[in-house]
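Participant: Below is the structure I would like to discuss, written out as structure tokens.
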Amino acid sequence: MLGSRDPDDFGRFYERHVGAVVSYLGPRVRGAEVVFDLTAETFARAFEHRGQFDPARGPAVAWVLVIARNLLIDSVRRARVVDESRRRLGVAPIAVDDAQLELIETRSQVDLRAVLAGLPAEQSEAIIRRFVLQESYPEIAARLSCSEQVVRKRVSRGLANARQAVEEQP
Amino acid sequence: MIDPFDELRDHLVLAITHLERRPARTSRWMRIRSHPLAVTLIALVFAATATAGVISITAERSAPLAGQVPRQAGPGLPHAWGLDGGEHYRITLWPVLQGGVSGVCMMITFEGPNGMGSGTCGAPYPTHSMPYLAGGRIAYPNGTISKGGALEYFLTGPSVASVRIGAHLIVTPRSEPGLPAGDHAVVFYLPAGSPEIDPPWFPAQQLSLPHGAKTLSVVAVGRNGAPITVDQGARQFRLPARFWERPEKPPSGACALAAPPSYYAYRGTTAIRLEPESDVEGAALTSCLSVDYNVAGTTLTAAALVNARSPTSAPPALFGASPVAGQPGVVNREEDAGLKSGRLIAFTGRRDGNAWIVVEGGSGLAERIAAVRALHVARIRVSG
């Protein structure tokens, strides 16, 4: 989707990963507006740097979460939400009313830890090792005494289950 | 109620659609010249006493802004966003155009089988209380640099003679073309297995290092040989600025540009007050305003950059830009920042009184030259 020149494909990429980004940012920042602005900047930056995404290095969700994490660090350091990519892309700030803020807040409260805890232990361990500890597939395979292919399968099934669980949360 | 996330998706898709329809920029792709990572190693071995053991300190000159990462694959496995070793790297800097900001955009790209890049905009210029211009950072699991090593980079201000990295490495900053006048580059390689650096411009509590992880301290040493005390709590200089967009009228800020009627200004950011940045060390530029114009179907951004330390004095050089042949007073910078992203740094500038009028975007150099000649500084009002 990131390699495509069709803007709608980027829209699909956004739809697929916005839940993960919001639930990553939600517990780490205070204020629904900040979550929303950082989400906008994350995807604007993902679009700007889409040429740098290499599927061989990991799935797109991990790549976009690293962007979110770096923006979060940058924003804390600069004491403001960075928004250069959004501005360069020409996406104007979106004004949100109270009801929308409430909705953003609800989405931000999706607890990824709870989602991971609900997964089979082998899948959550594979996901944590891959994306939190940033271990490579061969490294995880060596630690878990199984093949790389098995690890990849656990990660991919775990992500699919996690995505479904996130969508099912109120 | 409209779901704000749906609204955001629509805004993104719309912006991308407009972007894809913009006329292609005439780009001049410059190939990156690769240099071996030229580090001059002078191993200094001090034997204090026969019983005190040996302390070895390596002093090296900073590597250049473009070169090749050593092929020194260490043990273990590569980090997902780390280096493999042997990549050609390039560090590019350019001034921030966004109104109200006094800072620099910095990008590093690594060309290799797994090319990657990262960048940030808005890093403040070195000041007396924080004589560094922050570079990038990759967080490693366990706080230890993984296979392939790490290339660390940042700039230092004119007061810095050397930088101590941990207990055993001293790096001498390097002067390079394309940097803000007076600032120097500090680029060095840390092999796999090294602890991460603990950058003073980045408060420790935000580093997110694992508990107990060792780090390498970064200490700037002044021309008198004494360490420079930094103030991590120093407020980052930023002018109060307002973003506006049509149909809203531009606010009456500290600066204004005069444009011909064919230039339709549709949004921008204007500094409401313009104050000198007294703590800045070297040559620094502050953007007093930035305006997006639509000119006969193409869009371009214009900014007025002033001398950060003294906005009523002549501005320092527009770093990285060179004179354009046959266009007196006009400077230009146009280059590929690397990788396949197609990201092109392209801006053109002209001095108008005590400001640089800088234009980026448009359909190419000719249009940018026409724009910097058509636009004029109508107001620079310094507060206080």
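Read-outs: derived from the displayed coordinates by stated rules, not from any lab. What you are looking at is a predicted structure, and each value in this text was computed from that prediction instead of being measured. Virtual Cβ from ideal backbone geometry, glycine too; neighbours counted across all protein chains shown.
Participant: Taking neighbour Cβ counts within 10 Å as the exposure measure, how do B:Ser159, A:Ser4 sort from fewest upward?
Facilitator: Numbers: B:Ser159 18, A:Ser4 12.
Taking fewest neighbouring Cβ atoms as first place, the list is A:Ser4, B:Ser159.
Participant: Calculate the mean, over all residues of peptide A:61-71, of how many other protein chain Cβ atoms lie within 10 angstrom of the residue's Cβ.
Facilitator: Shielding by partners across A:61-71 averages 2.
Participant: Could you give the length gained by full extension between B:Glu7 and B:Val219, i.e. 0.36 nm per residue of separation minus their alpha carbon distance, to one decimal place?
Facilitator: On the way: separation 212, 0.36 × 212 = 76.32 nm, distance 4.68 nm.
Contour length minus the Cα-Cα distance gives 71.6 nm.
Participant: Sticking with this structure for a sec: To the nearest µm²/s, what D does Stokes-Einstein give for segment B:264-337 at 4 °C and 1.567 mPa s, using the Kirkwood radius over alpha carbon pairs as Rh? Please list the in-between numbers first.
Facilitator: On the way: Rh = 14.3 Å.
The Stokes-Einstein estimate is 90 µm²/s.
Participant: Sticking with this structure for a sec: Mean projection of the alpha-carbon convex hull of segment B:241-380 over all orientations, in nm²?
Facilitator: Values: hull surface 37.0 nm².
In nm², the orientation-averaged hull projection of segment B:241-380 is 9.3.
Participant: Be a star and scan segment B:277-302 for residues whose amide nitrogen sits under 15 Å from the point 7 Å along the Cα-to-Cβ vector of B:Asp231.
Facilitator: From segment B:277-302, the list is B:277-281.
Participant: Residues of segment B:266-302 with amide nitrogen under 15 Å from the 7 Å Cα-to-Cβ point of B:Leu14?
Facilitator: Residues passing the 15 Å test: B:267.
Participant: Among B:Ser310, B:Ser278, which comes first, then next, by fewest other beta-carbon atoms within 10 Å? Spell out each step's value before the answer.
Facilitator: Working: B:Ser310 14, B:Ser278 11.
Arranged by neighbour count, lowest to highest, B:Ser310, B:Ser278 become B:Ser278, B:Ser310.
Participant: If you don't mind, another one. Taking the simple approach of a point 7 Å from Cα along Cα-to-Cβ for both B:Glu245 and B:Arg381, what is their distance in nm?
Facilitator: In this crude label model, B:Glu245 to B:Arg381 measures out at 2.6 nm.
Participant: So between A:Asp8 and A:Ser145, what do we pick up on full extension, going 0.36 nm a residue minus the alpha carbon distance? Each step should come with its number before you reach the end.
Facilitator: Numbers: separation 137, 0.36 × 137 = 49.32 nm, distance 4.17 nm.
My answer for the length gained is 45.2 nm.
Participant: In which sequence would B:Cys288, B:Cys105 go, from the one with the fewest C-beta neighbours within 10 Å to the one with the most?
Facilitator: Values: B:Cys288 31, B:Cys105 20.
Ordered from fewest to most neighbouring Cβ atoms within 10 Å, B:Cys288, B:Cys105 come out as B:Cys105, B:Cys288.
Participant: Next question. How big is segment B:153-298 along each principal axis, measuring the range of its Cα positions in Å and listing the largest first?
Facilitator: Result, largest extent first: 62, 36, 30 Å.
Participant: Please give the average number of partner chain Cβ atoms lying within 10 Å of the Cβ of each residue in A:2-10, rounded to a whole number. List each step's numbers first, then the result.
Facilitator: Working: counts 0, 0, 0, 2, 4, 10, 4, 2, 6.
That average works out to 3.
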